[in-house]
Amino acid sequence: MTVHSCQNRLQDVETVVDQDKKRTMEKRKIIELTNIKRNFEVGTEIVHALKGISFSIEEGQFVTIMGKSGSGKSTLLNILGCLDTPTSGTYLLDGSLVQSMNKDQRARVRNRKIGFVFQNYNLLPNTTAIENVELPLMYNPEVSTSERQKKAIEALKVVELGDRLYHKSNQMSGGQMQRVAIARALVNNPAVILADEATGNLDTRTSYSILKLFQELHREGKTIVFVTHNNEIASFSERNIVLRDGKIISDTYNQTILSAAEALERLPKEENEEEEVI
Amino acid sequence: MNLSNLFRIAWRALNKNKMRAFLTMLGIIIGVASVIAMLAIGEGSKRSIEKQISEMGANMIMIMPYDNKAVGGVRMSASNVQTLKIKDCEDIRNKAQYVKDVSPYVSSSGQFIYQNNNYPASISGVAPSYLEIRQLKIKSGHMFTDSDVKRYNKVCVIGKTIADNLFTKGENPVGKIIRFNSIPFQVIGVLESKGYNSMGMDQDEIVLAPYTAVQKRILAIDYLHGIFCSAESEDLAPKAVESITQILANNHNIGNPDDYDFEIRSQEELSEMLTSTSDMMTILLACVAGISLLVGGIGIMNIMYVSVTERIKEIGLRMSVGAREKDILMQFLIESILISITGGLIGVIFGFFSSYGVKFFAGWPVFIEPWSVALSFVVCSAIGIFFGWYPARKAAGLDPIEALRYE
């Protein structure tokens, strides 16, 4: 979505705001950012990557964060994912204040409350799907071995890979690897799923099928934050935050959310599509 | 994160790189195996020397005459120094403390003849107690008695080498008359074989006769070539030596130890001298083996560094799904400990095999000390921790954001 269209639709947004306020009252806030700033020291210069970001995301929202490269979206994602801490401002994740935590506490938050999905999947090489999905639970001593396996199988079933539990990561297609990565993000039942260009390495058809999966997860009530530079993806989400030069330039609710399932239907049929889609 | 999960993670990581893990282990395997084998060889040779010495009589004390007066004059060989008399011997027997047996000693070398066989050897004139002192045993016949000594009887007891060389037709030597040069001696007993000692001397090339017979009938002397004693036990040998020294100094009227005209040697000194050589060899061998173990450890460190660099992205991912610094540190530390301990175990087995291989093929005496196994095991675990620490520290100190972005 371009800046122009955003400005044109500003009025529409205002009318929506009332409904949104109501929604905000009812729903719990998962993420609450207040005046987040992040500075980097590069040599003697100070680079202001984020210049005061404030927004909140409620439970069950599907939000895309967009912006060109250098807009600060990666920095924002790192902060949202508790990998980085803001220079100033407050970040509340599921009720707990992140920036006052030490490294180990943030690691625990990542383990229990966040599910990451990366552009390049980041699966462990030469490792079975189930072992990859088990990974976050390995770092959670409260989960027993049998429970861990059960949860991993459940998560793989959700992403329709119940029949490929013991396939190794290098025996799978890009789409399948990303599904495994999504299962890994789901397995600890996180408060929020953070996707970083999750469809960036995939072809159109596979992208749609992954988006369809995200939409299904959203329908089931999962909170999803999807960071991308691809305008098209925004139209599949509920809400769209656009960043430029470290500031939010628009924050809009999508009136007509496209269905990824339908988009997938509309694509011309391929000869050997079954394998690829799965 | 509990330890069993960490072990599982480290085990999976090693399993994925079996060949590399094995090659890394090889350094440790060779190191541990060689430490064990070298210590086994060293300990084996030490024990065999000690065993031979105790066979010779571990509590034996030798007293030899010593010529200290001939500064500038004619220096005589010990057998011509006439300072030790039979009275010394009797005084030691009667007065010395901690001394069990005493035997005078005179000897003469010459040719033994039986029928058409002859053999060059020395005849040793001793008392019957000499058998006890030198731990000799009679195989057939019997030892001469004190009355043989009193009567200057020309009887003798011979060793196996002498018997084999003189009685080539397999006759029983007991009862036969042999000649020493021209003097006939009746063989009344044959000694049990003792083989060669650690200095390569044939302990069976021995003929024992009453010292009186050798003194009067062969040599025509009234002094002794030496006195052999045994202490009551090995530990009491130094005290016995002290007591003997006093008696002899008193008998010979010598106050200053520098002027002593005798020399006393105990087996303890001999054993110290012999084992010190083998101890030095053991230390040398163990050092070489230890260096190979160290090199093995450096191999682990090297591979762990490579492994950390190779898996930066994986480390970033693990951190992003909730691994703490401690978890990453432990993972790599456990990996290196697993390598070193598994290598250590295999090395211990190889060490056993190679030690017994040396025993079997080279015929060297080996003895595996339990502490050497424990030591090399402890050392190689320590190596795993020590050399795994820096790479693990490096892995744990990575920034998750940069690690995730690392290509």
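Which of the chymotrypsin sites (Phe, Trp or Tyr not before Pro) found in the stretch B:1-40 are in a DSSP loop and have at most 10 neighbouring Cβ atoms, other than their own, within 10 Å? Walk me through the numbers before you get to the answer.
On the way: sites: B:Phe7, B:Trp11, B:Phe22; in loops: none.
Within the stretch B:1-40, no chymotrypsin sites (Phe, Trp or Tyr not before Pro) qualify (loop, at most 10 other Cβ atoms within 10 Å).
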Q. If you take the C-alpha gyration tensor of chain B, multiply each eigenvalue by 5 and take the square root, what semi-axes do you get, largest first, in whole Å?
A. 69, 24, 15
Q: Just read off the accessible area of A:Leu124 with the full protein assembly in place, 1.4 Å probe, to the nearest 10 Å².
A: 10 Å²
Q) Hey, rough spin-label estimate for B:Gln82 and B:Asn181, points 7 angstrom out along Cα→Cβ, what's it come to in nanometres? A) 1.8 nm
Q: Would you please give the residues with an amide H less than 5 Å from that of B:Ile61, counting only those at least 5 places away or on a separate chain, with H modeled from the backbone geometry?
A: B:Cys229, B:Ser230, B:Ala231
Q. Short version: which residues of the stretch B:323-355 lose at least 40 Å² of accessible area, all chains versus chain alone, 1.4 Å probe?
A. B:Arg324, B:Glu325
Q: Please work out, to two decimal places, the log10 of the ratio I(q)/I(0) at q = 0.17, 0.19, 0.26 Å⁻¹ from a Debye calculation in which every Cα of the stretch A:172-228 carries one identical scatterer.
A: -0.50, -0.63, -1.18
Q) Hey, which of these cross-link pairs are over 32 Å Cα-Cα: B:Lys176/B:Lys359; B:Lys139/B:Lys359; B:Lys18/B:Lys313? A) B:Lys176/B:Lys359
Q) So what is Rg over Rh here for the stretch B:97-167, counting just Cα atoms and using Kirkwood for Rh? A) 0.99
**Q.** In nm, spacing of pseudo-spin labels at B:Asn250 and A:Glu238 (7 Å Cα→C-beta vector)
**A.** 11.3 nm
Q. Share of chain B's accessible area from carbon and sulfur, percent, 1.4 Å?
A. 59 percent
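Going from the alpha-carbon gyration tensor of the stretch B:83-226, what semi-axes, largest first and in whole Å, does one get by taking the root of 5 times each eigenvalue? Mind showing how you got there, number by number?
Working: eigenvalues 126, 58, 37 Å².
Ellipsoid half-lengths, sorted descending, are 25, 17, 14 Å.
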Q: List the residues whose amide H sits under 5 Å from the amide H of A:Phe118, counting only those 5 or more places along or on another chain, with H placed 1.01 Å from N in the peptide plane.
A: A:Asp196
Q: Rounded to whole Hz and in sequence order, give me ³J(HN,Hα) for the stretch B:309-320 from the Karplus expression 6.51 cos²θ - 1.76 cosθ + 1.60, θ = phi - 60°, writing x for Gly and Pro.
A: 4, 5, 10, 4, 5, 4, 4, x, 4, 4, 5, 5
(Q) List the residues, sorted by chain then number, that are 5 or more residues from A:Phe226 or on another chain and whose placed amide H is less than 5 Å from its amide H. (A) A:Val63, A:Thr64, A:Ile65, A:Ala195
**Q.** Relative contact order [Cα under 8 Å, 6+ residues apart], chain B, whole percent
**A.** 30 percent
Q. Given the pairs A:Lys51/A:Lys113; B:Lys100/B:Lys154; B:Lys85/B:Lys150; A:Lys103/A:Lys168; B:Lys95/B:Lys137, which are separated by over 21 angstrom at their Cα positions?
A. A:Lys51/A:Lys113; B:Lys100/B:Lys154; A:Lys103/A:Lys168; B:Lys95/B:Lys137
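FRET efficiency for B:Lys239 and B:Asp146, Cβ-Cβ distance as r, R0 = 25 Å, nearest 0.05?
0.35
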Q. Considering chain B as a Gaussian network with a 10 Å cut-off on Cα pairs, which listed residue, B:Val157, B:Val321, B:Val32, attains the greatest mean-square fluctuation?
A. B:Val321
Q: Determine how large the accessible area of B:Cys380 is when every protein chain is in place; take a 1.4 Å probe and give Å² rounded to the nearest 10.
A: 0 Å²
Q | Ranking by accessible area, most exposed first, for A:Leu202, B:Leu285 with a 1.4 Å probe | A | B:Leu285, A:Leu202
Q) Which loop GluC sites (Glu not before Pro) in the stretch B:115-195, with loop taken from DSSP, have no more than 14 other Cβ atoms within 10 angstrom of their Cβ? A) B:Glu171, B:Glu192
(Q) If you fit an axis through the alpha-carbon atoms of helix B:237-252 and take the longest principal axis of the Cα set of chain B, what angle between them do you get, 0 to 90°, nearest 10? (A) 30 degrees
Q | Delta accessible area of at least 40 Å² on complex formation, residues of the stretch A:55-79, 1.4 Å probe, chain isolated as reference | A | none
Q: Please check chain A for the longest run free of GluC sites (Glu not before Pro) that are loop-located per DSSP (anything but H, G, I, E, B) and have at most 14 other Cβ atoms within 10 Å.
A: A:1-141
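When every alpha-carbon pair in the protein assembly as shown is counted, what percent end up more than 51 Å apart? All intermediate terms of the calculation are to be shown ahead of the outcome.
On the way: 110364 of 234270 pairs.
Result: 47 percent of Cα pairs exceed 51 Å.
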Q: Subtract the Cα-Cα distance of A:Glu45 and A:Arg28 from 0.36 nm times their separation in residues, and report this length gain in nm to one decimal.
A: 2.1 nm
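The values are calculated or read from the model by the stated rules, or taken from the named source; none is laboratory data. As the structure is a computational prediction, the values presented were derived from the model and not from experiment. Neighbour counts are summed over all protein chains in view; Cβ atoms, including those assigned to glycine, are modelled from backbone coordinates with ideal geometry. Accessible surface is based on the protein model in full, side chains and every heavy atom, while ligands, DNA and RNA are left aside. Shrake-Rupley method; radii C 1.70, N 1.55, O 1.52, S 1.80 Å.
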